[in-house]
Structure formats: structure tokens, C-alpha cells
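The values are calculated or read from the model by the stated rules, or taken from the named source; none is laboratory data. Quick caveat: nothing in here was measured; it's all calculated off a predicted structure. So basically every Cβ, Gly included, is an ideal-geometry build from the backbone, and we count neighbours across all protein chains shown.
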Amino acid sequence: MNGTAGPADRDRWFHRPLPRPGAGLRLVCVPHAGAGTAVFRPWADRLAPGVELIAVRLPGREKRLREPPARDWAALAGDLAAALDRHVPAPYVLFGHSMGAMLVYETVRGPLGRPPARVLLSGCRAPHVPRAQPAIHDLPPERFRAGLGRLAGTPAAVLADPALMDLLEPVVRNDIRLAETWHHPAPGPLPVPATVFWGTADAIAPPAAVAAWRSLAPHGFRARRVEGGHFFPFLPHGHNPHLLGLLDDEIAPAPTSRGSDGA
């Protein structure tokens with residue numbers, strides 16, 4: 001596995017937009033395909049004062065731009081697990097959206113010395129559920145970029161900038177390849193309790209595909225309904241107040257016992 005236990009390795013993997021050294025809990029957030037730590041910056045000062053947000057920086061983006069993106073799940077999950085064990089003290093909760101949720105699953109199912117107290121899986125089909133949309137990762141550049149536009153997760157200004165897309169496309173395409181080919185016909189269970197979040201208009205991770213996580217959560221399961229499409233956590237202004245309210249509920253020291261919102 002890459003890296004050492006020093007500050008440089010910590011800062012390579014993790015970004016703390018609002019450091020809270022005395023926090024009683026860390027919310028560690030893994031981004032969706034092609035995204036970096038910046039997508040979680042608007043969340044940091046909206047969390048409860050006793051919670052510190054830590055955003056995961058994956059290879060191939062931001063200060064890791066010169067690193068090649070991970071080609072397979074095993075290597076990426078193993079490296080992230082090692083970084084979590086080195087640099088993130090317990091207790092912590094692990095959140096992932098879309099491809100990020102897939103990486104959360106792969107990471108907690110591997111050799112993780114200090115597992116999270118709970119996983120929060122957002123906008124993600126269960127691993128044994130086939131994808132709901134046609135694959136785009138192997139399309140030629142023009143059609144691939146058109147497909148990204150339909151997903152609504154890439155800003156139009158970025159898609160319209162050929163030089164910027166030439167820089168970003170290899171990482172985005174690789175991430176989407178990992179996400180679109182992710183499938184476990186007979187997946188193993190999660191080792192910790194799970195909460196799933198699903199968007200009411202999400203065509204990529206429809207309600208039934210998200211609800212299927214229930215069979216993989218023997219230690220506890222909750223489902224939370226959020227208005228919006230696939231990128232519901234980040235809209236309309238970089239954060240979704242309803243989702244952040246649900247997150248506060250999920251990561252409180254004594255989570256409420258409210259029933260599931262259904263999925």
C-alpha cells in the first residue's frame with residue numbers, strides 16, 4: 001500500500017475544511033465519480049459543532065492530480081482502509097455518494113482495523129442489483145461527454161471547456177467505468193449498521209435498487225427519502241438542507257428511533 005503515516009500522507013488522502021480537533025465524531029465523506037473534496041466544503045460549517053467533516057481525496061484529482069486513478073476496487077479500497085487506520089481516530093461515520101458509496105462498501109468489507117460506527121450510503125444501488133442505465137464509460141469522447149451532461153453531475157461550463165475536459169476526462173471515465181461495472185452477484189453483508197439515502201427522482205439508483213441494501217445490513221438498517229434526482233445531496237446550492245438535517249439525526253450520539261422513510 002502507498003504512503004507512510006506522516007502528515008504528507010494524511011493531507012494527500014484527507015481534507016479537513018473546518019478542523020475541529022476536539023470533535024467527538026468524524027464524518028468521513030467519499031465523493032462520487034470524478035469529484036473531489038470541494039463538493040463537501042459547504043457541509044462543514046452546517047454540521048453539529050461536535051462533528052468534524054473529513055473529505056476523502058482520491059487519486060487523480062486536486063493535489064493528487066499527477067497520480068494515476070485506481071484501476072480496480074481492491075487496490076483502491078485497500079489503500080483507503082490503510083489511510084483510515086493511520087489517520088482517522090474512532091469514532092467516525094463513513095458516508096459515500098454513488099461511486100463513493102460503492103467504495104465505502106468495498107472498504108468496510110476489507111481489512112479495516114478500526115471500522116466506522118455506521119455507514120451512510122447515498123444514491124447507490126445494492127451490489128447485487130444490475131445498473132439501471134446504459135453504460136457510457138466506453139463511448140467515444142463526444143458521446144461520453146454528452147452522457148455526462150445527461151447525468152447532470154458535471155457543470156455545463158466544465159463540459160463546454162475542451163481543454164479542461166481533456167484534463168479531467170481520463171479520471172472521470174475511469175471512475176464511471178468502476179461504477180458501471182461494479183457488481184457482486186452474491187455480496188457479503190456489511191459489518192456495521194447502515195443508513196441509505198435515496199432520491200425521489202433518481203433514475204440511476206431507483207428506490208427499489210437502494211432498498212435492496214436491507215438484506216446486506218444484519219446489524220441495523222434505516223432508509224431515508226430525499227427529494228431530488230441522482231445528485232440530491234449537493235443541490236441546489238452545494239448542499240441539501242433536508243439531507244444535512246437527516247445526517248445530523250444519523251450521526252447524533254444517540255440516533256433517534258424514528259422509522260424508515262421507506263425505499
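Are any residues in the stretch 237-263 β-branched (Val, Ile, Thr) and either modelled with pLDDT of 90 or more or closer than 14 Å to residue 95 by Cα (or both), and if so, which ones? If the condition is that a residue be β-branched (Val, Ile, Thr) and either modelled with pLDDT of 90 or more or closer than 14 Å to residue 95 by Cα (or both), then 251 is the only one that fits.
Going by the structure shown, is residue 144 of a type in the set (Phe, Trp, Tyr), within 21 Å of residue 250 (Cβ to Cβ) and crowded, with 17+ Cβ neighbours inside 10 Å? Spelling it out, it is not the case that residue 144 is of a type in the set (Phe, Trp, Tyr), within 21 Å of residue 250 (Cβ to Cβ) and crowded, with 17+ Cβ neighbours inside 10 Å. Take residue 93 and tell me if it is crowded, with 19+ Cβ neighbours inside 10 Å and modelled with pLDDT under 95. Taking the combined requirement at face value, the residue does not satisfy it.
Taken together, the residues in the stretch 193-234 that are assigned to a loop (DSSP other than H, G, I, E, B) and in contact with a His (Cβ under 6 Å, 6 or more places away or on another chain) amount to 3. For the condition modelled with pLDDT of 90 or more, of a type in the set (A, V, I, L, M) and surrounded by fewer than 17 Cβ atoms within 10 Å (Cβ to Cβ), residue 156 does not qualify.
Residue-by-condition table, conditions (1) crowded, with 19+ Cβ neighbours inside 10 Å; (2) more than 22 Å from residue 51 (Cα to Cα):
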position: 205; (1), (2): yes, yes
position: 208; (1), (2): no, yes
position: 211; (1), (2): yes, yes
position: 224; (1), (2): yes, no
position: 234; (1), (2): yes, no
position: 242; (1), (2): no, no
position: 245; (1), (2): no, no
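Under 6 Å between Cβ atoms, which residue pairs at least 6 apart in sequence (or on different chains) link something in the stretch 94-118 that is assigned to a loop (DSSP other than H, G, I, E, B) with a partner that is hydroxyl-bearing (Ser, Thr, Tyr) and buried (at least 21 other Cβ atoms within 10 Å of the Cβ)? Short answer, once both residue conditions are applied: 116/92. Do we find that residue 18 is within 27 Å of residue 109 (Cβ to Cβ), in contact (Cβ under 8 Å) with a residue 24 or more places away in the chain, hydrophobic (A, V, I, L, M, F, W, C) and outside any strand (DSSP E or B) in this structure? Against the criterion (within 27 Å of residue 109 (Cβ to Cβ), in contact (Cβ under 8 Å) with a residue 24 or more places away in the chain, hydrophobic (A, V, I, L, M, F, W, C) and outside any strand (DSSP E or B)), residue 18 does not qualify. When residue 59 is tested against the conditions (1) surrounded by fewer than 19 Cβ atoms within 10 Å (Cβ to Cβ); (2) free of Cβ contacts under 8 Å to residues at least 60 places away in the same chain, the lone failure is (1). Among the candidates 50, 60, 36, the residue that is in contact with a Gly (Cβ under 6 Å, 6 or more places away or on another chain) and of a type outside the set (Asp, Glu) is uniquely 50.
For the stretch 73-90, the set of residues classified as in contact (Cβ under 8 Å) with a residue 24 or more places away in the chain and either surrounded by fewer than 14 Cβ atoms within 10 Å (Cβ to Cβ) or of a type outside the set (A, V, I, L, M, F, W, C) (or both) consists of 74, 78, 79, 85, 86, 87, 89, 90, listed by residue number. Among (1) assigned to a helix (DSSP H, G or I); (2) in contact with a strand residue (DSSP E or B) (Cβ under 7 Å, 6 or more places away or on another chain), where does residue 74 come up short? Against the list (1) assigned to a helix (DSSP H, G or I); (2) in contact with a strand residue (DSSP E or B) (Cβ under 7 Å, 6 or more places away or on another chain), residue 74 comes up short only on (2).
Could you figure out which of (1) modelled with pLDDT of 95 or more; (2) over 26 Å from residue 116 (Cβ atoms) isn't true of residue 176? The one condition residue 176 does not meet is (2).
Of all residue pairs spaced 6 or more apart or on separate chains, those with beta-carbon atoms under 7 Å, a first member in the stretch 21-40 that is closer than 19 Å to residue 107 by Cα and a second member that is among the charged types (D, E, K, R) are 26/52; 33/175; 34/175; 36/57; 36/61; 36/62; 37/57; 37/62.
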